Structure formats: structure tokens, C-alpha cells
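Encoded as C-alpha cells, the structure appears first; notes follow it.
Every read-out reported here was derived from the displayed coordinates using simple, explicitly stated rules and does not represent laboratory data. Just so it is clear, the model here is predicted, and its values are computed rather than measured. Cβ: placed from backbone, ideal geometry, glycine included. Neighbour counts: every protein chain shown.
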2 protein chains.
Amino acid sequence: MTQGADPLVEGLTGGERLPLARLLTRIENGDPTVRSSLPALLAAGRGGHVVGVTGPPGSGKSTLVNALIGEWRRRGRRVGILAVDPSSPYTRGAILGDRIRMMEHAADRDVFMRSMASRGELGGIAVTTWLAAAALDVAGYDPILIETVGAGQSEVEIARLAETTVVVEAPEMGDEVQAIKAGLLEVADIVAVNKGDRPGADRTARQLRAMLSTAGGRVERSPPRVMVTTATTGEGVGPLADAIEAHREVARTAIAAGERARHQLHRAVSELAWRRAATRDDFSDIVEGVAGRTLDPLTGADRLLPE
Amino acid sequence: MTQGADPLVEGLTGGERLPLARLLTRIENGDPTVRSSLPALLAAGRGGHVVGVTGPPGSGKSTLVNALIGEWRRRGRRVGILAVDPSSPYTRGAILGDRIRMMEHAADRDVFMRSMASRGELGGIAVTTWLAAAALDVAGYDPILIETVGAGQSEVEIARLAETTVVVEAPEMGDEVQAIKAGLLEVADIVAVNKGDRPGADRTARQLRAMLSTAGGRVERSPPRVMVTTATTGEGVGPLADAIEAHREVARTAIAAGERARHQLHRAVSELAWRRAATRDDFSDIVEGVAGRTLDPLTGADRLLPE
């Protein structure tokens with residue numbers, strides 16, 4: 001290993017923003033030359049805490065993220081933020097709004113904020129975000145926040161990448177919404193019921209605690225901690241930052257790290273296998289066979305994969 | 001090809017329910033011996049229309065499905081229903097409720113209803129459901145409804161499998177919920193705003209039409225049709241059945257069939273590649289390497305895939 005000699009990694013550890021920004025662009029664009037620097041990047045890791053923050057529009061997530069950044073800055077931490085955009089064309093407005101609010105910290109040299117599109121040519125969005133987080137880690141940011149908008153597939157993907165995942169809810173979003181968000185709650189390590197100054201916040205927190213403590217099939221994890229925050233006044237933000245910090249050790253047990261690694265590998269293997277399949281000479285024939293129902297997808301997949 | 005001679009397929013075409021039920025159990029359990037019957041199953045296909053119906057709890061989806069079944073029965077159709085359970089432990093209650101309501105048609109020999117768990121050992125839930133739908137097709141059901149609960153990852157997966165996808169909404173579910181459901185709307189061919197007797201139903205339909213017509217990046221598809229239904233009174237159910245029927249031809253263009261085939265193959269290739277990877281001797285070492293950050297997930301995936 002000659003990791004110190006890798007120019008890409010040296011650029012990051014110098015603390016300058018430009019080399020980091022350039023590397024993130026290369027990662028996002030799927031630049032294949034990034035691959036050769038990965039061993040050096042991993043070796044130079046500083047163990048920054050990767051924290052996912054997710055939750056539906058309307059939960060006040062962006063305001064809470066801003067309040068958390070402020071809290072960590074007061075504690076002397078350098079904060080990295082990756083804002084991952086889901087690919088849906090319908091939610092772009094919401095994301096633009098988030099970006100504008102984020103600019104509150106734009107002048108702070110110790111806050112690095114970057115939006116990532118959810119394509120991820122290097123092996124899916126999970127792998128792209130993983131690489132970007134590794135780059136922020138080498139650049140000395142800790143915590144590294146991964147923020148997503150929405151409550152869909154990509155959000156759960158991203159949440160499973162973070163060491164500690166905070167799901168932001170608002171009070172009284174109704175039973176229907178609770179059920180919709182169940183997928184998100186399953187990946188939560190901490191649930192923040194935000195807008196805590198609204199009526200019903202404590203009741204929502206109690207309901208969530210009851211719901212999360214009785215959910216079956218999760219023997220391997222303790223129920224997520226449910227906290228009430230009011231991002232606009234800062235109420236509860238300090239305790240939330242403490243809870244995130246306290247979860248760092250829990251997230252670093254061998255079992256938890258192994259679970260995350262399996263998930264990463266699953267995503268990367270799936271993407272890589274599909275990309276290779278799509279470059280085969282017989283790919284179009286096999287697609288046509290399945291489309292024309294002369295071939296079933298299982299047999300088609302068998303043909304597309306090398307033995 | 002000796003498809004007529006395949007005993008599994010012969011059992012289905014005889015019109016008996018028991019051979020079909022047994023085959024679905026084998027498909028659900030991932031019985032590998034099913035594979036050898038797939039060419040015969042495909043060859044015996046009758047071209048039944050595969051219709052996905054999805055939507056969040058609270059939209060009245062189950063009542064609407066019941067009303068649609070009634071409408072199709074009056075039109076002399078034999079209706080197959082696959083109810084796909086998402087894996088979330090949090091939503092089981094809702095699904096049980098759906099099942100109970102479904103029993104309205106339990107005595108009708110020309111309605112075949114089956115719940116499928118979302119594990120799908122034969123290549124993911126998408127492939128399992130595809131195979132089950134193919135079996136219902138050979139058994140002479142048309143349409144074949146694929147019903148899902150919730151608004152998450154598996155619902156979008158399943159929706160992409162159907163030829164025609166109906167997304168059920170309720171009026172006035174609020175802006176927050178609209179954004180959450182954006183992922184579902186992206187896969188909709190028809191949107192049914194159910195509970196049409198509630199105030200605001202027409203306004204919700206207008207809002208959805210405006211939102212769906214201006215959404216960018218979808219040049220390849222026309223905007224989904226938005227209809228208002230009241231499942232409890234039957235209002236709008238006939239026109240909805242007509243709209244579904246009218247979409248059958250649209251869904252069977254070569255482009256649409258090719259898109260579905262690519263999606264199926266993507267899911268099948270991903271699952272198969274991962275399953276093979278997980279049986280390799282070096283699998284645990286590679287997981288440990290990624291968990292311990294001595295290996296990045298891309299390089300790990302490279303090692304797990306044969307050249």
C-alpha cells in the first residue's frame with residue numbers, strides 16, 4: 001500500500017474544498033479512474049460518523065438538519081452533508097426549497113454541503129453515496145450527514161447505508177401516512193417527532209413508541225428511540241445530537257457493520273451484474289424473447305449471467 | 001416443444017382450482033422443479049390482461065377491487081387476483097382486513113384469489129409474481145389483478161410488472177401525502193380518485209391531472225388518465241373497467257412490452273447474481289473486508305461476480 005502517495009487522497013487530507021468537490025463530481029459521474037484510488041481512500045479513513053436523516057416532505061426535516069448543523073458547529077465539529085435527490089421528477093420543487101434553506105450555512109468553511117443525483121453509474125446510488133461519504137470522511141468531516149427527501153425506495157436504500165439513521169416525522173400526520181411511512185420506520189435508529197410545539201406532538205411520540213416496541217421480527221435490533229424536537233426554536237436539538245452520538249458505538253458492532261456491508265455488496269453485485277448483462281451480444285434477443293413470451297425471465301437471467 | 005404433454009400445464013387448462021393452487025404454492029416456495037415446466041406454461045398462455053392495482057391504506061382500494069371484480073363478473077369474465085403482501089411487519093393488520101373483505105367473492109368459482117408473500121425465492125418478488133400471473137393466465141383468468149398494499153418499494157416493483165397499473169387515491173390526502181406517493185404516480189397508467197362522494201374529490205382529480213400533465217421526463221408515455229370513483233356505491237366503476245380494458249392495447253406495443261421485459265430481467269439477473277455470490281467460498285471474507293473497510297463494495301462485487 002502506498003496510500004500516502006495517492007494524489008487524490010493527498011488533495012483531500014490537505015483540507016481544501018476544491019479537490020473534494022472535484023472528486024465528488026468524478027464519483028457522481030461514474031469516472032472509472034476513481035477505482036484505482038479506492039484502497040488509498042479507505043486506508044486514509046478517519047472514522048467519521050455517517051448519519052442518515054430522512055423523512056417525508058412537511059416534517060420539517062430540512063429545518064431540523066439546519067438546527068443539527070448549528071448544534072454540531074457549536075460543539076466544534078466539521079459537518080459534511082450529502083443531500084441525495086430521489087430520481088422522481090415530481091419532487092424536484094421540494095428539493096430546490098431544501099437547497100435554499102441550506103444556504104444558511106453556505107459561508108461556513110467547516111460545513112461542506114453537496115447534492116448528489118440518484119443515478120450512480122459506479123454501482124447504483126448506494127455505492128455512489130458510500131464512496132462520497134468515504135471522501136468526506138478522509139477530508140475530515142464528522143459527522144457526515146446523508147439527507148434524503150421523500151419516503152420511497154431510494155430513501156430506504158440510503159438509510160441502510162448510514163451507520164445511524166434518523167427518521168423525521170411531524171405530529172398528527174394521520175394513520176394513513178403512518179402506514180405509508182412504515183418502510184422508513186423499519187430502518188430508523190432514532191425517530192424525531194419534529195414540530196414539537198404543535199398540539200399532538202407528545203401523543204404522536206407515544207403512539208410511535210407503542211407501535212415500534214410491539215413490531216415483531218426485529219429481535220436483532222432494539223426499538224428506535226423516539227424523541228420530540230422543535231427545529232424552529234432549537235428545543236430538543238441538543239438531546240437529539242446526543243442521541244445520535246450515543247448511537248455511534250451501537251452502529252459499530254461487528255453485526256451491524258456486517259449487515260451494512262452485505263447490503264452494500266448486494267446493491268453493487270446486482271448493479272454490476274445487470275450492467276455486464278446489458279453489454280452482451282445476445283442481450284436484445286433475450287429481452288425480445290421475454291417481451292414476446294417465448295422465454296421466461298428466470299431462464300433469460302440464467303443466459304445473461306456467466307457461470 | 002411438447003407443451004401439451006406437460007402434466008403441470010394440463011392440470012391448469014382443465015379448469016380445476018386445486019392444480020392451480022398447488023402450482024402457486026410451488027412457485028411461492030421457490031420449488032426448482034417448476035423451472036422445467038416454464039416453456040410449456042408460456043406456450044399455453046392465453047393473453048390474459050395483467051392489471052396492477054395499488055394505493056395507500058385509506059384510499060378504499062380493497063373496496064374498489066371488490067367493485068371491479070363484481071363489474072367484470074357481470075361482464076362474464078373470470079377474475080384472478082394475486083394479493084401481494086409487502087414484507088413490512090407494520091402493515092400486516094391492514095392486509096388481514098383486506099383479506100376479510102375479499103371473502104365477498106369467496107363462493108364464486110370464477111373468482112380465484114390468492115395471497116403471495118413477498119419473498120420469492122425463484123428470483124425476487126417480481127419474478128415470483130410474474131410466474132404466478134402466467135399460471136393464472138393459463139388457467140383462463142382474464143383479467144389477472146395484482147393487488148398490493150402500501151406505497152413503498154415492493155409496490156413500485158409490482159406495478160412495473162403489470163401491463164396496466166391503476167393507482168387508487170383518496171380525496172384530500174394533503175400535499176404531504178401527495179409527495180410521498182409520487183413514486184406510485186410515476187408508474188400509474190390510470191389514477192382512480194376513490195371516495196368520490198367526499199367533498200374535494202373533483203378538486204383532487206383536477207390537481208392530479210395538472211400535476212401529472214406537467215411532469216417532465218416522461219415523453220415516452222402519455223399522462224395517466226385520472227378518474228373519480230365511489231366504490232361503495234359503484235359510481236364510476238364501469239367507466240374504470242372500460243378504461244382498464246382500453247389500455248390493454250396500449251400496454252401491448254413492442255416498446256411497452258420491451259420495457260417490462262427489461263425490468264423483469266433486471267430483477268431476475270440481480271437476484272440470481274446475488275444468490276450465486278452468497279454461496280461462494282470467499283463470500284464471508286469479502287463481507288468482512290467491506291465491513292472492516294479494508295475493501296470497498298465495488299471491488300468486493302467484482303470479486304463476487306464471475307468474469
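Enter the mean number of other protein chain beta carbons within 10 Å of the beta carbon of each residue in B:248-260, as an integer.
2
Can you give me the Cα centroid spacing of the range A:53-78 and the range B:1-66 in angstrom?
So the separation of the two Cα centres works out to 49 Å.
Could you pull the copy-to-copy label distances for B:Arg74, with points set 7 Å along Cα to Cβ, in nm to one decimal and sorted shortest first?
6.5
At 7 angstrom along the Cα-to-beta-carbon line, where would the label on A:Gly15 sit relative to the other copies? Give the distances in nm, shortest first.
Those separations, rounded to one decimal, come out as 8.3 nm.
Given R₀ = 25 Å, what would the calculated FRET efficiency be for A:Arg209 paired with A:Arg73, taking r from the Cβ atoms and rounding to 0.05?
0.25
Simple spin-label model, 7 Å along Cα-to-Cβ: B:Thr13 to B:Arg275 in nm?
2.8 nm
Considering every residue in B:284-293, what mean count of other chain Cβ atoms within 10 Å of its Cβ is obtained?
Across the residues of B:284-293, the mean count of other-chain Cβ atoms within 10 Å is 6.
Need one number: nm distance between label points at B:Glu307 and A:Asp110, each 7 Å from Cα along Cα→Cβ, rounded to one decimal.
5.0 nm
Among B:Met116, B:Met211, which comes first, second and so on when ranked by fewest other beta-carbon atoms within 10 Å?
The order, fewest Cβ neighbours first, is B:Met211, B:Met116.
A:Asn29 to A:Asp197: extension gain in nm, 0.36 nm per residue of separation minus the Cα-Cα distance?
Length gained, A:Asn29 through A:Asp197: 56.2 nm.
If I model a spin label at B:Arg248 and A:Asp285 as a point 7 Å from the Cα along the Cα→Cβ vector, what separation in nanometres do I get?
The answer from the label model is 3.3 nm.
Please sort A:133-143, B:18-28 by packing, taking for each peptide the average over its residues of neighbouring beta carbons within 10 angstrom, highest first.
A:133-143, B:18-28
Taking a point 7 Å out from Cα toward Cβ as the label site, list the nm distances between A:Ala106 and the same residue in every other copy, smallest first.
Ordered by increasing distance: 6.2 nm.
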